[in-house]
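Q: Below you'll find the structure I mean.
Only the coordinates and a few stated rules stand behind these numbers; no lab work does. Remember, it's a predicted structure, so these values are computed and weren't measured experimentally. No Cβ is skipped: glycine too gets one built from the backbone with ideal geometry, and neighbour counts run over all protein chains shown.
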Amino acid sequence: MGAQARDPELTGARVLLHSTLFVITAATTTLTGAAIWILSVKHQPLTELLRQTLAGDFEALTNGLLFSFTLLTILAAHEFGHFLACRHYGIRATLPYFIPAPPLLTFFGTFGAVIRIKQQITSRRALFDIGIAGPLAGFAFALPAAVLGLIYADAAVPPPASEVSGLQFQDPPLLILITRMVGAPHLIDWNPVYWAAWGALLVTALNLFPVGQLDGGHVLFAIAGRRVHKWVGMIVSVAVASLAVAAAVVFSSPIWFLWTGVLFFLLRAGHPPVVEEEPLGAARVTLAIVAAIVFLLCFTPFPVT
């Protein structure tokens, strides 16, 4: 028998590239978490991070490592959900590309992670399974992180009304429910596990928008076909554009304008067709309903005000 063909995505050079990006992203997320802890919990300048570390005080770096571990575990679960679903259907896809960001350029030290699917998805069932596997896998890891982050949260001392300024981060419905269930304080100090979960839930909601080739777009296309996918995508994109204007006027927050641009770009790019039009079955329709509930739990119209 001839030697089995080697997967070009799992060669030494490719694995080294993905591993290097992961290590760099782990470093930037760790430094970001440590910096936020110094600034928001200790209320000290960033120079204290270096001074304390050199003096043998690793509390800031420990918080940074815990943040990085939690966030990257959730992101990896999301992307490997897609990757393993592709492998199940024999569709060639890359390992996850983790994308580092300079510390404090973003609030998370990363621009996220992606995989590249290098073959056309020709089956409705395969498209559905690959699209839904990522957000549900990521949510399965983000949920316990959110619970742990809120169970061990410390109450924050509210500042005087005259000193309230800057950015305010609003919890999605899921975190509000968990806060009530575990009896967590309404106003909490920053902690690394909670913050990683907050960011992961926001990313999950964004990915589940039923537009273009986002995960939610794949699911909608598999369920309803091209025509419904196109019209729903247009309606959602216009709705987000209206939300962007409202956020800018009411809260002086430009956060949704960038996402509006992304959605209209994806809308213009469209979605590739599928060839096999087999029925999805009741189990997949049920999973789609679960994904819709996950979206509602993770989405907040004004995450940053």
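Q: Give me, ordered by chain and number, the residues 5 or more places off residue 188 or on other chains with an amide H under 5 Å from its own placed amide H.
A: Correct list: 156.
Q: Tell me which of 275, 72, 178 sits at the most positive position along the dipole axis of the chain, charges placed on C-beta atoms (Lys, Arg +1; Asp, Glu -1).
A: Of 275, 72, 178, it is 275.
Q: Can you give the convex hull volume of the alpha carbon atoms of the stretch 164-264 per residue, in Å³?
A: 126
Q: Starting with the highest mean, order 142-153, 204-215 by the number of other Cβ atoms within 10 Å, averaged over the residues of each peptide.
A: For the peptides 142-153, 204-215, the packing ranking is 204-215, 142-153.
Q: Let me ask you something else. For the stretch 16-118, divide the Cα radius of gyration by the Kirkwood radius and give the resulting Rg/Rh value with two decimals. Don't jump to the answer; show the numbers that get you there.
A: Working: Rg = 16.1 Å, Rh = 14.6 Å.
Rg/Rh: 1.10.
Q: Could you give the dipole magnitude of the stretch 16-118 about its Cα centre, charging the beta-carbon of Lys and Arg +1 and that of Asp and Glu -1, in debye to the nearest 20?
A: 480
Q: I need 62, 30, 20 ordered by Cβ neighbour count within 10 Å, fewest first.
A: The order, fewest Cβ neighbours first, is 20, 62, 30.
Q: Using the Karplus curve 6.51 cos²θ - 1.76 cosθ + 1.60 with θ = phi - 60°, work out ³J(HN,Hα) for each residue of the stretch 49-62 in order, rounded to whole Hz, and write x for Gly and Pro.
A: Ordered by residue, 3J(HN,Hα) equals 4, 5, 5, 5, 5, 5, 7, x, 9, 9, 4, 5, 5, 4 Hz.
Q: Okay, moving on. For a footprinting-style exposure proxy, rank 7, 171, 57 by other Cβ within 10 Å, fewest first. Don't jump to the answer; show the numbers that get you there.
A: Working: 7 10, 171 19, 57 13.
Going from least to most buried by this count: 7, 57, 171.
Q: Then there is this: Take 229, 218 and order them by how many other Cβ atoms sit within 10 Å, fewest up front. Don't jump to the answer; show the numbers that get you there.
A: On the way: 229 22, 218 26.
Least crowded to most crowded, the residues run 229, 218.
Q: What is the magnitude of the charge dipole of the chain about its Cα centre, with +1 placed on the Cβ of each Lys and Arg, -1 on the Cβ of each Asp and Glu, and no other charges, expressed in debye to the nearest 20? Don't skip to the answer; put the middle values down first.
A: Working: 16 positive and 15 negative charges, 198 e Å.
In total the dipole reaches around 960 debye.
Q: Okay, next question. Please list 3J(HN,Hα) in residue order for the stretch 276-291, calculated via the Karplus relation 6.51 cos²θ - 1.76 cosθ + 1.60 where θ = phi - 60°; whole Hz, with x for glycine and proline.
A: My calculation for the stretch 276-291 gives 7, 9, 5, x, 7, x, 5, 5, 6, 4, 4, 4, 5, 5, 4, 4 Hz in order.
Q: Mind listing the phi-derived Karplus ³J(HN,Hα) values for the stretch 212-220, rounded to whole Hz, using 6.51, -1.76 and 1.60 with θ = phi - 60°, and x for any glycine or proline?
A: Those phi angles translate into x, 9, 5, 4, x, x, 4, 5, 5 Hz.
Q: DSSP loop (so not H, G, I, E, B), at most 15 other Cβ within 10 Å: list which chymotrypsin sites (Phe, Trp or Tyr not before Pro) in the stretch 36-81 pass both filters.
A: 58
Q: Given the options 55, 200, 96, identify the residue whose Cα lies farthest towards the positive end of the charge dipole of the chain (+1 on Cβ of Lys, Arg; -1 on Cβ of Asp, Glu).
A: Of the listed residues, the answer is 96.
Q: Mean separation of Cα pairs under 8 Å and 6+ residues apart, divided by the residue count of the stretch 16-118: what relative contact order is that in percent?
A: 36
Q: Relative contact order for the chain: what is it in percent, counting Cα pairs under 8 Å that are at least 6 residues apart?
A: 19
Q: In addition: Please report the net charge: other residues with Cβ closer than 12 Å to the Cβ of residue 226, K and R +1, D and E -1.
A: My count for the surroundings of residue 226 gives +2.
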